[in-house]
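The next block holds one structure in the form of C-alpha cells; read it before the comments.
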Amino acid sequence: EGVVAHMAIGNLIESDVVLLLDNVLELGHLGGSDDLGEIVSSQTKGNPLYIIEFTRWLFENGLIYLDEETESWNWDVDEIRITVNERRVDVFLANKLGNLSIDMLKVLKVAACLGTQLEEELIAYVLNRPVGSYLSDALDRGFLVLDETSGKYAFAHDIVQQAVHSLIPKGELELFHLEVGRRLWRRLKMEELDRYIFVV
C-alpha cells in the first residue's frame, strides 16, 4: 500500500526558484532561467502555490512558449516584465477562480466563511444540498486539501481562502456572513449547535 506523507513547504529563495524552473523547463545542468527566476521569485515571493499559478499564467498567455524547431522553452524577459508590471499574483489566482462554475464558487465562498477546518456537512447545511462532488473537484484542482484522518478539508493556502473570500462583493459581505450563520443556526441539531457555536 502507498504511504501518504505530509510535508510543510515554506517559501523558496530566488536561487531555489531558478533551480526549480531549470528542472521544469528541462534546461539541464547548464541552467539558463536566472532572468525568468528573478521575475517569478519577485512576483510570488517564493510562495509555491503562486509559483505554479504564475508560471502557468505565463504559459497560457504565450509569454513562455515551446519552440518546435529547437524543442526548447523560450521567453522574452523584457516582454514579461512589461506584461506583469504592477500586477499581483493574487489577481491571477482570482482570475482562475473566476472561471469556475457558479455552483462551485458558491461552495467555495461558503467554505471561505467557515474558518480553517472545513466539514462537508456544514457546507451542505448552508447550501441545503450535497456538496461532496464540488469539494472533490476543488481538491483535484488544488484549491483544497483533505486531512484523511479527520475527514476535514482546508484551503491549500490562506492566500486561496483570501482570494475566494474577496470574490464576495464588499457591499454583500456582512449579509453573506450573516446568512451563513443563520442557516447553520436553523439547521443544526441542539447537540451539534453546542459543538459548532463558535463557527456560527
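The values are calculated or read from the model by the stated rules, or taken from the named source; none is laboratory data. Worth saying up front: this structure is predicted, and the values here are computed from it rather than measured. Methodologically, a virtual Cβ is constructed for each residue, glycine included, from the backbone with ideal geometry; neighbour enumeration extends over all protein chains shown. Just so you know, the surface numbers come from the protein's heavy atoms only, side chains and all, with ligands and any DNA or RNA stripped out. Shrake-Rupley method; radii C 1.70, N 1.55, O 1.52, S 1.80 Å.
General observations
- Taken over segment 39-193, the convex hull of the Cα atoms encloses 139 Å³ per residue.
- Rounded accessible area of residue 56 (nearest 10 Å², 1.4 Å probe): 100 Å²
- Rounded percent of accessible protein surface that carbon and sulfur make up, the chain, 1.4 Å probe: 52 percent
- Cβ-defined net charge surrounding residue 139, 13 Å radius [Lys, Arg +1; Asp, Glu -1]: -3
- Residue 47 long-range amide H proximity, modeled H, under 5 Å: 12
- Solvent-accessible area per residue, Å², over segment 32-144 with all protein chains present [probe radius 1.4 Å]: 52 Å²
- Heavy-atom accessible area order for 174, 38, 79, 148, largest first, 1.4 Å probe: 174, 148, 79, 38
- Given R0 = 35 Å, the distance between the Cβ atoms of residue 121 and residue 59 translates into a calculated FRET efficiency of 0.35.
- For segment 46-200: lysine pairs under 19 Å (alpha-carbon distance), excluding those fewer than 8 apart on one chain: 6
- Ranking of 170, 106, 45 by solvent-accessible surface, largest first: 170, 45, 106 (1.4 Å probe, protein heavy atoms only, all chains present).
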